[in-house]
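Asks: Have a look at the structure that comes next, please.
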Amino acid sequence: MAPGPAPVSILITGFGRFPGAPDNPSASLARALARSRRFPGAHLTADVLPTLWRTAEDFPARLERERPDIVLMIGLAARRPHLCVERLGRNGGGVFPDAGRRRPARRVLAPGGPAGIASTAEPVALLHALRGARVPARLSRDAGRYICNALAYRAYGWARAQGRLAIFIHVPLPRPGLSLTQMRRALEALLRALIAQHRARALMAAARR
């Protein structure tokens, strides 16, 4: 009998509070996804990250220690009406203070690094997964100028170097017609699409050996 697909390790992150957002739904969504039993053969871990500039700086070292196959990062974009698939992390940040009231030490995240790093996941397929779950969703050029972008930039760089998948998703605040439950189900659909992408890549790599 042929062996089944290899286990998939998935790290899901959300953020804690930050100025202007005392209750961050990305934290609840990350925890709920990690508790889901709808992903046989996958090991899901959730972590709610402190919304600090140094969190993004330290993130690649954590990824290197844990080496997940898939990194799904979730953040809040309170003014956006859609779930947004962030195609790019860019090498720059704003001057906004973090949850510890500290500002970034410099405007460039990685001096000498590329101006932008694209996600290693296929964003259009992820967009279709979200829309298939009947939530408003769109592609977004980049993850903005706050800690979300800093995390995406560094995670995308690590994933590209290691042949892993990483994607950042911005979610809006819950509202009538778009509840946390609906967003969770949509993100479950997105996770299934990510797992499919990972397994397709693994099959292609095995065929080349």
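The values are calculated or read from the model by the stated rules, or taken from the named source; none is laboratory data. For clarity, every value in this text was computed on a predicted model and none was experimentally measured. Here the Cβ is made from the backbone with ideal geometry for all residues, glycine too, and neighbour counts use every protein chain on show.
Asks: Enumerate the pairs (first residue in the range 101-114 and closer than 11 Å to R154 by Cα; second residue anywhere and modelled with pLDDT of 95 or more and among the small types (G, A, S)) with beta-carbon separation below 7 Å, excluding pairs fewer than 6 apart on the same chain, so at least 6 apart or on different chains.
Replies: So the pair list comes out as L109/A150.
Asks: If we scan the range 120-132, do we find a residue that is surrounded by fewer than 21 Cβ atoms within 10 Å (Cβ to Cβ), of a type outside the set (V, I, T) and without any contact (Cβ under 8 Å) to a residue 24 or more places away in the chain?
Replies: yes
Asks: May I ask you to list pairs of residues, at least six apart or on different chains, whose Cβ atoms are under 6 Å apart, with the first in the range 155-179 being farther than 16 Å from L126 by Cα and without any contact (Cβ under 8 Å) to a residue 60 or more places away in the chain and the second being exposed (fewer than 15 other Cβ atoms within 10 Å of the Cβ) and among the basic types (K, R)?
Replies: Pairs found: none.
Asks: Taking into account only those residues within the range 145-160 that are part of a helix (DSSP H, G or I) and not hydrophobic (A, V, I, L, M, F, W, C), which is farthest from R54 (Cα to Cα)?
Replies: Step by step, filter the range 145-160, then rank; the result is R160.
Asks: When the residues of the range 147-202 are filtered to those that are charged (D, E, K, R) and more than 30 Å from P114 (Cβ to Cβ), which remaining residue is surrounded by the fewest Cβ atoms within 10 Å (Cβ to Cβ)?
Replies: R175
Asks: Suppose the filter is within 23 Å of R138 (Cα to Cα), surrounded by fewer than 16 Cβ atoms within 10 Å (Cβ to Cβ), aliphatic (A, V, I, L, M) and modelled with pLDDT under 95; does A78 pass it?
Replies: Working: within 23 Å of R138 (Cα to Cα): yes; surrounded by fewer than 16 Cβ atoms within 10 Å (Cβ to Cβ): yes; aliphatic (A, V, I, L, M): yes; modelled with pLDDT under 95: yes.
When the stated conditions are applied, A78 passes them.
Asks: May I ask you to say which residue of P68, P25, P50, P60 is within 24 Å of T181 (Cβ to Cβ), under 16 Å from the mean Cα position of the chain (by Cα), modelled with pLDDT of 90 or more and surrounded by 14 or more Cβ atoms within 10 Å (Cβ to Cβ)?
Replies: Unique residue meeting the criteria: P25.
Asks: Additional query: Name the residue, out of A189, A202, A150, that is closer than 30 Å to A105 by Cβ, touching a residue at least 60 places away in the same chain (Cβ under 8 Å) and not charged (D, E, K, R).
Replies: From the options A189, A202, A150, the qualifying one is A150.
Asks: Hey, among P7, P40, which residue is loosely packed, with under 14 Cβ neighbours inside 10 Å, under 29 Å from L203 (Cβ atoms), free of Cβ contacts under 8 Å to residues at least 24 places away in the same chain and not β-branched (V, I, T)?
Replies: P40
Asks: Let me ask something else about it. Looking only at the range 93-113, decide whether some residue is closer than 19 Å to A166 by Cβ, modelled with pLDDT of 95 or more and surrounded by 16 or more Cβ atoms within 10 Å (Cβ to Cβ).
Replies: no
Asks: Let me ask something else about it. Which one of these does G144 not meet: (1) under 22 Å from R80 (Cα atoms); (2) surrounded by 15 or more Cβ atoms within 10 Å (Cβ to Cβ); (3) at pLDDT 95 or above?
Replies: Only one criterion in (1) under 22 Å from R80 (Cα atoms); (2) surrounded by 15 or more Cβ atoms within 10 Å (Cβ to Cβ); (3) at pLDDT 95 or above is unmet by G144, namely (3).
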